[in-house]
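One structure is given here, and the rest of the page talks about it.
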Amino acid sequence: MKERFTVTITDFRGARHYSLHQIAKRFAFAFLGLVLLVLLGGAAAIYGLNHKIEELNDVRAQKAQAAQQIEERNAELRNLISQREQEIHRLDLELGHIEALVGLDPQPERDRRERVDVASQTALEKSLMLRTIPNGWPLKEESRITSGYGWRVHPVTGERSFHAAVDMRAPVGEKVVATADGVVNYAAKHQGSGLGNLVILAHDFGFQTHYAHLDDFEVEPGEFVEQGDVIAHSGATGNVNGPHLHYEIWHTQRKLNPEPFLDWSLENYEEVFEEEGRVKWESLAKGINRRAEALERQLSAMEQDWSEN
């Protein structure tokens, strides 16, 4: 093998001869190969970078979309939290109103569940009291008192006597209702008293209610009636000068003034205790409390049975 070779270049001026060493030729080929590799590597790198940039752009777009979705969700959650805070505020106001209504001092710093339990228990006790002890008007329709409790001149006999009841305006046939849960003790014409047709209801804790001068009856002795049930219709039987309802409230054989009981409700719950001091209310409240606790235990046991089943 020759160590040298000749390169001839011919143009218009003639031919010129150049001689290069074999090593130089190899070096030139190697350099050209290296340059070609660099160019190919650069192209490949540029292509890879462009592809990576596209991937990163896709990832960035996905993250931007996810961030937008998260922001929208956060906005929904903030709106929901705001609504819940408003609802909680309204519930606090309502709970405070209920506490005030049942005679409790609102205490916002206490746990709401505890406040609800106490208010529920107190409300239950008062509801039981208002169902078992006479309260409200014994007429289905609105009326007014024509003769109150106390001394008066009797409209028929003209004699001065103590009227231990209230008389209410009521045309014949007006619905008469029970003012508390109870049992019918008497439902017939009452002889010798001038009360005419009379219904007597026996209630818990020694209370009775009497409804007189009735036209007819809707109940019979021995029946249980609930507060608000129609027991009779008003009339003009007995010693009267016109149709009306004669209404009495008894407690342990003593006639009470019915007027404080007519408007007795949760709104003025304490007033009757102050106006009618002859009833041992504190002792009665203990009995109501025991009933409420027993009812609460029964309800709790029922709820537990339901949850287990």
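Remarks
- Residues whose placed amide H lies under 5 Å from that of His163, excluding near-sequence neighbours: Gly150, Trp151, Arg152
- Applying a DSSP loop filter and a limit of 13 other Cβ atoms within 10 Å to the trypsin sites (Lys or Arg not before Pro) in the range 260-298 leaves Arg278, Lys280.
- Restricted to Cα atoms, the range 27-91 shows a radius of gyration and a Dmax of 27.4, 92 angstrom.
- 4 °C / 1.567 mPa s Stokes-Einstein diffusion coefficient of the range 124-227, Kirkwood radius on C-alpha pairs, µm²/s: 87
- Neighbour-limited loop hits for GluC sites (Glu not before Pro), the range 203-240 (at most 12 other Cβ within 10 Å; DSSP other than H, G, I, E, B): Glu226
- Residues whose amide H lies under 5 Å from that of His190, counting only those 5 or more places away or on a different chain, are Gly196, Asn197, Leu198; hydrogens are built 1.01 Å from N in the peptide plane.
- FRET efficiency for Ala28 and Val59, using Cβ-Cβ distance with R0 set to 41 Å, rounded to 0.05: 0.35
- Amide H contacts for Val177 (H built 1.01 Å from N in the peptide plane; partners 5 or more residues away or on another chain; cut-off under 5 Å): Leu139, Lys140, Ile231.
- The slack between Ser127 and Tyr47, meaning 0.36 nm per residue of separation minus the straight C-alpha distance, is 20.5 nm.
- Along the range 269-281 the Karplus relation, 6.51 cos²θ - 1.76 cosθ + 1.60 evaluated at θ = phi - 60°, assigns HN-Hα couplings of 4, 7, 4, 5, 5, 7, 7, 10, x, 7, 8, 7, 5 Hz to successive residues, with x for each Gly and Pro.
None of the figures in this text is laboratory data; all of them are computed from the coordinates on show. Computed from a predicted structure; not experimentally measured. Note that we place each Cβ from the backbone using ideal geometry, even for glycine, and neighbour counts take in every protein chain shown.
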